[in-house]
Amino acid sequence: MIFKKFLFMILLLFPYIISGEQITLSTIEGSPVSDIASLVLIEIYKKAGLELEIIPMPAVRATKESTSGNVDGETHRISTYGTIHQELIMVPQSYYSIETVLFTQQDNPARYSKKENLSAYRVAILIGVRFSEELTKGFQRVNRFKNADQMIEFLKMRRTDFVILSRLNG
């Protein structure tokens with residue numbers, strides 16, 4: 001099975017290998033997950049003898065750049081992203097995993113709420129992070145931010161009840 005995945009990756013990258021062209025990927029700026037994914041991919045591509053450029057940008061712009069063909073792809077997205085953006089080809093090789101968590105104030109009585117009850121609260125998410133968007137679909141009080149630092153400050157000011165981020169942010 002590992003051989004088949006490796007063969008698939010080689011076949012996918014073959015045009016770049018023979019042409020010697022640089023591969024350019026976009027990544028979500030200001031995201032620790034993106035930073036780690038970028039470091040891992042740079043090593044993978046270096047070992048494959050490929051030149052890789054990674055350009056950090058806001059998540060929405062990363063989508064526009066990859067779907068329009070201005071970059072060769074993105075460093076990472078969740079699997080449903082490929083269903084929505086069928087013009088992109090998902091490489092089904094997992095090279096990292098992420099744990100999404102809720103952050104709140106320690107004295108928040110709702111901190112033990114279940115996922116099903118979150119819609120009753122004020123929630124902050126990152127713009128363009130598909131998992132958070134899917135989780136909060138239909139919620140009435142969702143604030144969207146460009147970066148995690150803004151979200152944490154918003155939480156400290158008690159202007160939101162929960163922040164949805166990766167554990168790396170905490």
Original post:
What list of ³J(HN,Hα) values in whole Hz, one per residue of region 70-77 in order, does the Karplus curve 6.51 cos²θ - 1.76 cosθ + 1.60 (θ = phi - 60°) give from phi, with Gly and Pro shown as x?
Top reply: 6, 10, 7, x, 10, 5, 6, 7
Original post:
Mind checking the angle between helix 2-19 and the chain's longest principal axis? C-alpha axes, 0 to 90 degrees, to the nearest 10.
Top reply: 70 degrees
Subject >> Accessible-area composition of the chain, carbon plus sulfur, in percent [1.4 Å probe] >> reply: 56 percent
**OP:** Rank these by accessible area, largest first, 1.4 Å probe: PHE131, PHE154.
**Re:** PHE131, PHE154
Subject >> the chain: calculated mean residue ellipticity at 222 nm from DSSP helix runs of at least 4, using -39500 (n - 2.57) >> reply: -11500 deg cm²/dmol
**OP:** Only loop residues by DSSP count here, and only those with at most 13 other Cβ atoms within 10 Å; note down the GluC sites (Glu not before Pro) in region 92-161 that meet that.
**Re:** GLU99
Original post:
Taking amide H positions as placed 1.01 Å from N in the peptide plane, with prolines and chain starts having none, which residues 5 or more places from TYR95, or on another chain, fall under 5 Å of its amide H?
Top reply: none
Original post:
In straight Cα distance, which aspartates and glutamates are under 15 Å from LYS64, not counting same-chain residues fewer than 8 positions off?
Top reply: GLU29, ASP72, GLU74, GLU87
Subject >> Dipole magnitude of the chain about its Cα centre (Cβ charges: Lys, Arg +1; Asp, Glu -1), debye to nearest 20 >> reply: 700 debye
Subject >> Placed amide H near GLU74: partners under 5 Å, 5+ positions off or other chain >> reply: SER26
**OP:** Set Lys and Arg Cβ to +1 and Asp and Glu Cβ to -1, take the dipole of the chain about its Cα centre, and tell me which of ILE28, ASN147, LEU88 lies farthest positive.
**Re:** ASN147
Original post:
If you place +1 on the Cβ of every Lys and Arg, -1 on the Cβ of every Asp and Glu, and leave all else neutral, what size is the dipole of region 62-152 about its Cα centre, to the nearest 20 Debye?
Top reply: 420 debye
**OP:** Please list the non-local residues whose amide H lies under 5 Å from the amide H of GLU53, H modeled 1.01 Å from N, same-chain partners needing a gap of 5 or more.
**Re:** ILE23, THR24, LEU25
**OP:** Write down the accessible area per residue of the chain in Å², having rolled a 1.4 Å probe over the full set of protein chains.
**Re:** 64 Å²
Original post:
In degrees, nearest 10, range 0 to 90: what is the angle between the Cα axis of helix 32-47 and the longest Cα principal axis of the chain?
Top reply: 10 degrees
Original post:
List the trypsin sites (Lys or Arg not before Pro) in region 60-139 that DSSP assigns to loop (not H, G, I, E or B) and whose Cβ has at most 11 other Cβ atoms within 10 Å. Which are they?
Top reply: LYS114, LYS137
Original post:
Given a Förster radius of 41 Å and the C-beta distance between ARG130 and MET157 as r, what FRET efficiency does 1/(1 + (r/R0)^6) yield to the nearest 0.05?
Top reply: 0.95
Subject >> Which label in (1) 17.6; (2) 16.3; (3) 16.8 gives the computed Kirkwood radius over Cα pairs in Å >> reply: (1)
**OP:** For an R0 of 25 angstrom, estimate the FRET efficiency from the Cβ-Cβ distance between GLU99 and VAL60 and round to the nearest 0.05.
**Re:** 0.55
**OP:** For region 151-160, just list the computed ³J(HN,Hα) in residue order, Karplus coefficients 6.51, -1.76 and 1.60, θ = phi - 60°, integers in Hz, with x standing in for Gly and Pro.
**Re:** 5, 5, 4, 4, 5, 4, 7, 6, 9, 9
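The values are calculated or read from the model by the stated rules, or taken from the named source; none is laboratory data. These numbers come from a predicted model, not from an experiment. Using ideal geometry, Cβ is built from the backbone for each residue, glycine included, and neighbour counts are taken over all protein chains shown. Heavy atoms of the whole protein, side chains included, go into the accessibility calculation; ligands, DNA and RNA do not. Shrake-Rupley method; radii C 1.70, N 1.55, O 1.52, S 1.80 Å.
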